[in-house]
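Peer 1: Mind having a look at this structure? Questions to follow.
The values are calculated or read from the model by the stated rules, or taken from the named source; none is laboratory data. In this text the structure is predicted, and so the values were computed from the model without any measurement. Heads up, the Cβs are rebuilt from the backbone with ideal geometry, glycines too, and the neighbour counts pull from every protein chain shown. The protein model used for the area step is the full one, side chains on, heavy atoms only, and it has no ligands, DNA or RNA in it. Shrake-Rupley method; radii C 1.70, N 1.55, O 1.52, S 1.80 Å.
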Amino acid sequence: MTELVRLTLVSHAMTDAMAAARFSADEPLNDSGCRQAAVGFEIKSGTRQLTAPERRARQTAQLLGLRPVIEPRLADLNCGRWRGRALDDVPPADLDVWLTDPRQAPHGGESIADLVDRVAAWLASLSDNASRTVAVTHPAVIRAAILTALGASPNAFWRMDIKPLSRTVLHRRGSGWTLRI
């Protein structure tokens, strides 16, 4: 019988970029985010602990009391030349293309479809040997994981709102993922 793989994805806590509707540029958590994450996180013994490489994810994991290993495939969506810019500073036509066609990356970074493929490959790589995993990452990565679990189109990417410090739980037995709500 195939082992059940349990994955808990934790969205990093609040940053100034999130509060100001700016594209992230590897900023730290803001004061509110630090207070949010200081609540801690209880995990079962033997749980593999991972984090995205960006500062905001690593800081969240640390404040939650985790001792994670950095997993590069959990990195945030690469927004290229839009990094650090406010939404209002992006040409509206470029923003419209990006929000409506998941295969496009007018910012010169990674497309939504590419992100979904990257996250799907990471999910497929999780082995039954690590039956429990907690990973601190980004809302975009969590959206991509949910789309993969549901077999949904990348066109649905923007229809999900992932709150800071929210937890998304996925289970896999065999090759299929299940979203636990």
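Peer 1: Is there any pair with a first residue in the stretch 140-157 that is closer than 15 Å to Glu110 by Cβ and a second that is surrounded by 14 or more Cβ atoms within 10 Å (Cβ to Cβ) and among the charged types (D, E, K, R) whose Cβ atoms are under 8 Å apart and which are 6 or more apart or on different chains, and what are they?
Peer 2: Ala140/Asp76; Val141/Asp76; Ala144/Arg118; Phe157/Arg143
Peer 1: Here is a follow-up. Could you please find all residues in the stretch 38-53 being loosely packed, with under 13 Cβ neighbours inside 10 Å and either among the hydrophobic types (A, V, I, L, M, F, W, C) or out of contact with any strand residue (DSSP E or B) (no Cβ under 7 Å at 6 or more places or on another chain) (or both)? Even if it seems obvious, please write down each step before you answer.
Peer 2: Going through the stretch 38-53, the residues loosely packed, with under 13 Cβ neighbours inside 10 Å turn out to be 38-40, 42, 44-46.
Selection gives Ala38, Val39, Gly40, Glu42, Ser45.
Peer 1: Checking Asp88 against (1) at pLDDT 95 or above; (2) of a type outside the set (Ser, Thr, Tyr); (3) loosely packed, with under 15 Cβ neighbours inside 10 Å, only one condition comes out false. Which one?
Peer 2: That leaves (1) as the condition not met.
Peer 1: Quickly run through the stretch 38-58 and pick out the residues that are outside any strand (DSSP E or B) and among the hydroxyl-bearing types (Ser, Thr, Tyr).
Peer 2: Initial filter on the stretch 38-58 (outside any strand (DSSP E or B)): 38-47, 52-58.
Residues satisfying the conditions are Ser45, Thr47.
Peer 1: Also: Tell me yes or no: at least one residue of the stretch 65-82 is polar (S, T, N, Q) and more than 22 Å from Ala135 (Cβ to Cβ). Write out each step before concluding.
Peer 2: Here is the first cut: in the stretch 65-82, the ones polar (S, T, N, Q) are 78.
Pick out the ones that are also more than 22 Å from Ala135 (Cβ to Cβ) and you get none.
No: zero hits.
Peer 1: For residues in the stretch 100-158 being in a helix (DSSP H, G or I) and β-branched (Val, Ile, Thr), which is surrounded by the most Cβ atoms within 10 Å (Cβ to Cβ)?
Peer 2: Applying the first criterion (in a helix (DSSP H, G or I)) to the stretch 100-158 yields 100, 112-125, 139-150, 154-158.
Going one step further and asking which of them are β-branched (Val, Ile, Thr), we end up with 100, 112, 116, 119, 141-142, 146, 148.
Values: Thr100: 10, Ile112: 23, Val116: 23, Val119: 24, Val141: 26, Ile142: 22, Ile146: 21, Thr148: 21.
The qualifying residue surrounded by the most Cβ atoms within 10 Å (Cβ to Cβ) is Val141.
Peer 1: Take the residues of the stretch 159-175 that are of a type outside the set (Ser, Thr, Tyr) and under 16 Å from Ser131 (Cβ atoms): which is most open to solvent (accessible area, probe 1.4 Å)? Working first, answer last.
Peer 2: Restricting attention to the stretch 159-175, the residues satisfying the condition of being of a type outside the set (Ser, Thr, Tyr) are 159-165, 167, 169-174.
Now restrict to residues that are under 16 Å from Ser131 (Cβ atoms): 169-174.
On the way: Val169: 36, Leu170: 0, His171: 34, Arg172: 18, Arg173: 122, Gly174: 36 Å².
The selected residue is Arg173.
Peer 1: Looking only at the stretch 59-80, how many residues end up being in a helix (DSSP H, G or I) and open to solvent by 30 Å² or more (accessible area, probe 1.4 Å)?
Peer 2: Residues of the stretch 59-80 that are in a helix (DSSP H, G or I), as a first pass: 59-63, 72-74, 80.
If we keep only those that are open to solvent by 30 Å² or more (accessible area, probe 1.4 Å) too, we end up with 59, 62-63, 72-73.
Matching residues across the stretch 59-80 total 5.
Peer 1: Name the pairs: first residue in the stretch 73-86 and under 17 Å from Pro53 (Cβ atoms) and among the acidic types (Asp, Glu), second residue open to solvent by less than 20 Å² (accessible area, probe 1.4 Å) and in a loop (DSSP other than H, G, I, E, B), Cβ to Cβ under 7 Å, at least 6 apart or on different chains?
Peer 2: Asp76/Ala52; Asp76/His138
Peer 1: Can Arg35 be described as assigned to a helix (DSSP H, G or I), under 14 Å from the mean Cα position of the chain (by Cα) and either free of Cβ contacts under 8 Å to residues at least 60 places away in the same chain or surrounded by 18 or more Cβ atoms within 10 Å (Cβ to Cβ) (or both)?
Peer 2: Numbers: assigned to a helix (DSSP H, G or I): yes; under 14 Å from the mean Cα position of the chain (by Cα): no; either free of Cβ contacts under 8 Å to residues at least 60 places away in the same chain or surrounded by 18 or more Cβ atoms within 10 Å (Cβ to Cβ) (or both): yes.
Taking the combined requirement at face value, the residue does not satisfy it.
Peer 1: Could you list all residues from the stretch 37-60 that are more than 19 Å from Val169 (Cβ to Cβ) and not charged (D, E, K, R)?
Peer 2: Quick first cut of the stretch 37-60, residues more than 19 Å from Val169 (Cβ to Cβ) only: 38, 53-56, 58-59.
Within the stretch 37-60, Ala38, Pro53, Gln59 meet the criteria.
Peer 1: Mind telling me which of the residues Arg22, Arg83, Arg56 ends up being charged (D, E, K, R), under 18 Å from the mean Cα position of the chain (by Cα) and open to solvent by less than 80 Å² (accessible area, probe 1.4 Å)?
Peer 2: Details: Arg22 fails: open to solvent by less than 80 Å² (accessible area, probe 1.4 Å); Arg83 fails: open to solvent by less than 80 Å² (accessible area, probe 1.4 Å).
When all the criteria are applied, what remains is Arg56.
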